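Undergrad: This is the structure I have questions about; it appears just below.
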Amino acid sequence: GAVVSQHPSRVICKSGTSVKIECRSLDFQATTMFWYRQFPKQSLMLMATSNEGSKATYEQGVEKDKFLINHASLTLSTLTVTSAHPEDSSFYICSARMGHSQTYEQYFGPGTRLTVT
Amino acid sequence: KQEVTQIPAALSVPEGENLVLNCSFTDSAIYNLQWFRQDPGKGLTSLLLIQSSQREQTSGRLNASLDKSSGRSTLYIAASQPGDSATYLCAVKQGEETSGSRLTFGEGTQLTVNP
């Protein structure tokens with residue numbers, strides 16, 4: 001149980017275009033979802049936290065107008081990278097949790113490799 | 001602000017060897033600590049989760065210990081196999097009242113087990 005999927009697994013887009021990444025909890029309802037970014041040989045950096053039906057909370061230094069997060073249902077969150085640039089190329093990983101409380105474990109998706117040319 | 005450090009950054013061992021990966025964190029007020037495995041280009045697989053009140057957790061050939069007061073955790077892998085080759089990440093969860101119970105990750109230890 002507790003499976004999180006992401007789509008697409010890989011995407012290549014041209015500079016200036018927007019790309020949407022989906023994160024789904026397949027067998028549970030995710031009250032809270034997290035989006036992380038990982039550069040090569042570096043660790044995961046939290047970008048934002050979203051609770052279903054609420055606006056996402058962004059980490060310091062993350063542009064909310066560039067990385068649009070929508071968590072409209074208990075099983076789906078989307079991350080849209082708007083006006084993508086080569087420096088946005090990275091590995092994006094989502095994570096989902098069943099409840100708001102710290103007692104709930106986070107389950108991670110398989111990641112999406114974004115390459116902006 | 002919580003900082004998590006993992007040592008060594010990379011480790012290469014022959015098959016069959018027992019090994020220890022280290023993780024340290026600066027703020028001991030954690031809720032739990034978790035060890036993950038990440039294969040190249042893949043997501044995270046949870047290996048072991050230790051609650052702040054626990055000292056260790058075991059799963060098969062893996063044993064993780066936690067010394068919360070000193071801000072340290074170790075992941076012990078017994079009888080290593082080539083299939084254990086991956087990056088191992090340590091992550092700590094803060095309490096809700098401090099930072100929204102977020103996970104803070106270390107930079108990982110890249111393990112290579114040679115046949």
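The values are calculated or read from the model by the stated rules, or taken from the named source; none is laboratory data. On a predicted model such as this, the values are computed, not experimentally measured, just so you know. Neighbour counts run over all protein chains shown; Cβ positions are idealised from the backbone, glycine included.
Undergrad: Name the one entry in B:LEU19, B:LEU44, B:LEU33 that is closer than 24 Å to A:GLU59 by Cβ, among the aliphatic types (A, V, I, L, M) and more than 10 Å from every other protein chain (Cβ to nearest Cβ).
TA: On inspection, the qualifying residue turns out to be B:LEU33.
Undergrad: Can I ask one more? Taking A:ILE12, is it closer than 27 Å to B:ALA86 by Cβ and in contact (Cβ under 8 Å) with a residue 24 or more places away in the chain?
TA: Criteria met by A:ILE12.
Undergrad: Of the numbered conditions (1) within 14 Å of another protein chain (Cβ to nearest Cβ); (2) over 20 Å from B:VAL4 (Cα atoms); (3) among the hydrophobic types (A, V, I, L, M, F, W, C); (4) touching a residue at least 40 places away in the same chain (Cβ under 8 Å), A:VAL62 fails exactly one; give the number of that condition.
TA: Of the numbered conditions (1) within 14 Å of another protein chain (Cβ to nearest Cβ); (2) over 20 Å from B:VAL4 (Cα atoms); (3) among the hydrophobic types (A, V, I, L, M, F, W, C); (4) touching a residue at least 40 places away in the same chain (Cβ under 8 Å), the odd one out for A:VAL62 is (4).
Undergrad: So if I check each of B:LEU49, B:LEU11, which one is of a type in the set (A, V, I, L, M, F, W, C), out of contact with any Gly (no Cβ under 8 Å at 6 or more places or on another chain) and either in a loop (DSSP other than H, G, I, E, B) or over 25 Å from A:THR103 (Cβ atoms) (or both)?
TA: Exactly one residue qualifies, and that residue is B:LEU11.
Undergrad: Got a sec? Which of A:SER83, A:SER9, A:SER50 is closer than 23 Å to B:LEU89 by Cβ and at pLDDT 95 or above?
TA: A:SER9
Undergrad: Follow-up question, since we're still on this one. Within the group A:ARG24, A:ARG97, which residue is away from every other protein chain (no Cβ under 11 Å), crowded, with 16+ Cβ neighbours inside 10 Å and basic (Lys, Arg)?
TA: A:ARG24
Undergrad: Would it be correct to say that A:THR49 is surrounded by 15 or more Cβ atoms within 10 Å (Cβ to Cβ), in contact with a Gly (Cβ under 7 Å, 6 or more places away or on another chain) and within 19 Å of A:ALA2 (Cα to Cα)?
TA: yes
Undergrad: Between B:GLN57, B:GLN94, which is modelled with pLDDT of 95 or more, in contact with a Leu (Cβ under 9 Å, 6 or more places away or on another chain), polar (S, T, N, Q) and surrounded by 15 or more Cβ atoms within 10 Å (Cβ to Cβ)?
TA: B:GLN57
Undergrad: Answer yes if at least one residue in segment A:44-54 is within 11 Å of the chain's Cα centre (by Cα), under 18 Å from A:ALA96 (Cα atoms) and away from chain B (no Cβ under 12 Å), and no otherwise.
TA: Scanning segment A:44-54, I find no residue that is within 11 Å of the chain's Cα centre (by Cα), under 18 Å from A:ALA96 (Cα atoms) and away from chain B (no Cβ under 12 Å), so the answer is no.
Undergrad: Any idea which of B:THR104, B:THR74, B:THR87, B:THR109 is β-branched (Val, Ile, Thr) and either over 24 Å from A:PRO110 (Cα atoms) or loosely packed, with under 14 Cβ neighbours inside 10 Å (or both)?
TA: Only one candidate qualifies: B:THR74.
Undergrad: Same structure, new question: Given the conditions (1) modelled with pLDDT of 95 or more; (2) in contact with a Gly (Cβ under 8 Å, 6 or more places away or on another chain); (3) more than 14 Å from A:GLN106 (Cα to Cα), and given that A:ARG37 satisfies all but one, which numbered condition is not satisfied?
TA: So the condition that A:ARG37 fails would be (2).
Undergrad: Which of (1) away from chain A (no Cβ under 14 Å); (2) at pLDDT 95 or above does B:ASP27 not meet, given it meets every other one?
TA: Just one mismatch for B:ASP27, condition (2).
Undergrad: Which one is nearest to the chain's Cα centre (by Cα), of the residues in segment A:100-117 that are crowded, with 17+ Cβ neighbours inside 10 Å and more than 10 Å from chain B (Cβ to nearest Cβ)?
TA: Going through the qualifying residues, I end up with A:LEU114.
Undergrad: Tell me yes or no: at least one residue of segment B:57-77 is at the interface with chain A (Cβ under 10 Å from one of its Cβ atoms) and either in contact with a His (Cβ under 8 Å, 6 or more places away or on another chain) or assigned to a strand (DSSP E or B) (or both).
TA: Checking segment B:57-77: not a single residue is at the interface with chain A (Cβ under 10 Å from one of its Cβ atoms) and either in contact with a His (Cβ under 8 Å, 6 or more places away or on another chain) or assigned to a strand (DSSP E or B) (or both).
Undergrad: Here's something else I'd like to know. Look through A:SER54, A:SER43, A:SER18 and report the one residue that is surrounded by fewer than 19 Cβ atoms within 10 Å (Cβ to Cβ) and more than 12 Å from A:HIS71 (Cα to Cα).
TA: Only one candidate passes the filter, namely A:SER18.
Undergrad: Tell me the residue from B:THR26, B:THR45 that is over 21 Å from B:ALA78 (Cα atoms) and surrounded by fewer than 16 Cβ atoms within 10 Å (Cβ to Cβ), please.
TA: Checking each option against the conditions leaves just B:THR26.
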